[in-house]
Amino acid sequence: MAGLKEVAAASGVSIRTVMRALSGQGYIDSQTRERVVTQAQRLGYRPNLAARSLKTARSFDISVVAWSMDELHIAKIAGLEQTLRHAGYAVNVLLESAANTGGDWLENVLLHRPAGVALFSSSQFHNEQALRLLDSKLPYIVFDAPTGPLDSVRIDRQQGVYEAVLYLAATGRRAIAYLGTQADRSRLDGYLRALGQLSRRPIYIEQAEGDQYAAGIAASQRFSELPKAKRPDAVLAYADEVGLGFMAGLHERGIRIPSDVAVIGFDDRRAAALSWPRLTTVAQPSRELGIAAAEILLRKIKGEAEPSTGWSRTMPTKLVLRESA
């Protein structure tokens, strides 16, 4: 396997220049950086992170703390990991138990002495625990932190739902219902804002607790029991899994999609493109969120000044049109 010396010789530059090009630290012109990276990839160069840590007294590990692991989290971690790997860092994932509502995850992180940490927000996530990171001075970023002082990368879910409702209205749907829980405002507020703009009244189909797919099927039962004249002609579901369960229940009851009722989900999970009809949905930019988190971490690790607008970033969603609406 090639080392720094071989990459430097192939690139026609010094070993120090190779180190700057591959670490992203220090000034180097773009053409030289591209040449070094190309030669490193051609030669199969892999940095020895352990040796580099010993030599520089710096860590090149990034800790990721999550309380669950699904396809959306994996996409975020993939964007984060690939961006950090190209900058010379390695990612370690700490998958905490959902029952662990205490703060010992931070002790686990600090024990590894990483260069930085990325946290996933969840129902087990507590601001007071994460705020201890501020005292530790450890570079960090939080995925979807609750509103507060923590630096976070977020998805503008409210705007995504707002745009989906306006789309349904533009296609002629008159009675647009929200299938979800009113306790979670992140999406409901977008629904209410759109209906307010349209001067229409909200229609709620309450989502039962527990498994989301089963909750969608249960909601289809209540929907089918309404007189046809009083049924909404469009339903926006809190999540794809709820929407897919709702559509499955409608099929069993002979209710046609989208001619009788249009259905839109949220998340753009893989299953949304495999259902029949295929589910129109609001796509989260999961991979892009991971890349943004990595970029913020790298800037913090380098000691860059905080931007005037702060470190946090909010990213837009995208409406993916398919046959269900």
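Would you mind calculating the relative contact order of region 138-290 from Cα pairs under 8 angstrom and at least 6 residues apart, reporting the percent as a whole number?
20 percent
How high is the relative contact order of region 111-224? Use alpha-carbon pairs under 8 Å, at least six apart in sequence, and give a whole percent.
Values: 117 pairs, mean separation 20.5, N = 114.
Relative contact order for region 111-224 comes out at 18 percent.
What is the helix-to-structure angle for 185-198, meaning the angle in degrees between its Cα long axis and the longest Cα principal axis of the chain, kept from 0 to 90 and rounded to the nearest 10?
50 degrees
If amide hydrogens are placed 1.01 Å from N in the peptide plane, which non-local residues have theirs closer than 5 Å to the one on Thr314?
When sequence neighbours closer than 5 places are left aside, the close amide H contacts are Arg154.
Given the options Pro232, Pro285, Pro307, state which has the largest fluctuation in a GNM of the chain using a 10 Å cut-off (strictly under) for Cα springs.
Pro307
Quick one: compute the contact order of the chain, relative version, from alpha carbon pairs under 8 angstrom and 6+ residues apart, as a percent.
Details: 563 pairs, mean separation 55.7, N = 325.
Across the chain, relative contact order equals 17 percent.
Which of Val235, Val93, Val165 moves most in a GNM of the chain, Cα contacts under 10 Å?
Val93
Pull out the extension gain between Glu6 and Arg85, defined as 0.36 nm times the separation in residues minus the alpha carbon to alpha carbon distance; nm, one decimal.
Extra length available between Glu6 and Arg85 comes to 26.4 nm.
In region 246-325, which trypsin sites (Lys or Arg not before Pro) fall in coil by DSSP and have 15 or fewer other Cβ atoms within 10 Å?
For trypsin sites (Lys or Arg not before Pro) across region 246-325 that sit outside H, G, I, E and B with at most 15 neighbouring Cβ atoms in 10 Å, the list reads Arg253, Arg256, Arg278, Lys302.
Putting +1 on Lys and Arg Cβ atoms and -1 on Asp and Glu Cβ atoms, find which of Ala66, Leu80, Tyr213 reaches farthest to the positive end of the dipole of the chain.
Projecting each Cα onto the dipole axis, the largest value belongs to Leu80.
Any aspartates and glutamates with Cα under 14 Å of the Lys228 Cα? List them, leaving off those in the same chain fewer than 8 positions away.
Partners found: Asp260.
Can you give the calculated 222 nm mean residue ellipticity of the chain, where each DSSP H run of n ≥ 4 adds -39,500 (n - 2.57) and the sum is split over every residue, rounded to the nearest 500 deg cm²/dmol?
Working: 13 runs with 143 residues, N = 325.
Counting only the DSSP helices, I get -13500 deg cm²/dmol.
Please give the charge dipole size of the chain, origin at the Cα centre, charges +1 on K and R Cβ atoms and -1 on D and E Cβ atoms. Round to the nearest 20 debye.
920 debye
Of the labelled options [x] 27; [y] 21; [z] 38, which one gives percent of Cα pairs over 34 Å apart as computed for this structure?
The value matching this structure is [z].
If amide hydrogens are placed 1.01 Å from N in the peptide plane, which non-local residues have theirs closer than 5 Å to the one on Val235?
Ala177, Ala262, Val263, Ile264
For region 60-70, just list the computed ³J(HN,Hα) in residue order, Karplus coefficients 6.51, -1.76 and 1.60, θ = phi - 60°, integers in Hz, with x standing in for Gly and Pro.
Result, ordered by residue: 10, 9, 10, 9, 10, 10, 9, 10, 7, 9, 10 Hz.
Of Glu34, Glu295, which has the most accessible area and how do the rest follow, probe 1.4 Å?
So the residues, ranked largest to smallest area, are Glu34, Glu295.
Rounded to the nearest 0.05, what FRET efficiency do Gln31 and Asp211 have when you use their Cβ-Cβ distance and R0 = 56 Å?
0.55
Just grab the label-to-label distance for Ala248 and Glu306, each label 7 Å out from Cα along the Cβ direction, in nm (one decimal).
Going by the 7 Å Cα→Cβ label model, 4.6 nm.
Return the carbon/sulfur percentage of the accessible area of region 109-253, one whole number, probe 1.4 Å, all protein chains in place.
That fraction is 51 percent.
Return one whole number: the accessible area per residue of the chain in Å², for a 1.4 Å probe.
Ligands and nucleic acids excluded, the figure is 49 Å² per residue.
What is the magnitude of the charge dipole of region 204-325 about its Cα centre, with +1 placed on the Cβ of each Lys and Arg, -1 on the Cβ of each Asp and Glu, and no other charges, expressed in debye to the nearest 20?
260 debye
Need one value: the accessible area of Glu225 in square angstrom, 1.4 angstrom probe, rounded to the nearest 10.
Here the accessible area works out near 130 Å².
Considering the chain as a Gaussian network with a 10 Å cut-off on Cα pairs, which listed residue, Ala215, Ala234, Ala305, attains the greatest mean-square fluctuation?
Taking springs between Cα atoms under 10 Å, the residue moving most is Ala305.
Toward the positive end of the charge dipole of the chain, about the Cα centre and with charges on Cβ (Lys, Arg +1; Asp, Glu -1), which of Val13, Ile141, Trp105 goes farthest?
Going by the charge dipole, the pick is Val13.
The values are calculated or read from the model by the stated rules, or taken from the named source; none is laboratory data. These numbers come from a predicted model, not from an experiment. A quick note on method: Cβ atoms are made from the backbone with ideal geometry, for glycine too, and the neighbour counts reach across all protein chains shown. These area figures cover heavy atoms from the full protein model, side chains too; ligands, DNA and RNA do not enter into them. Shrake-Rupley method; radii C 1.70, N 1.55, O 1.52, S 1.80 Å.
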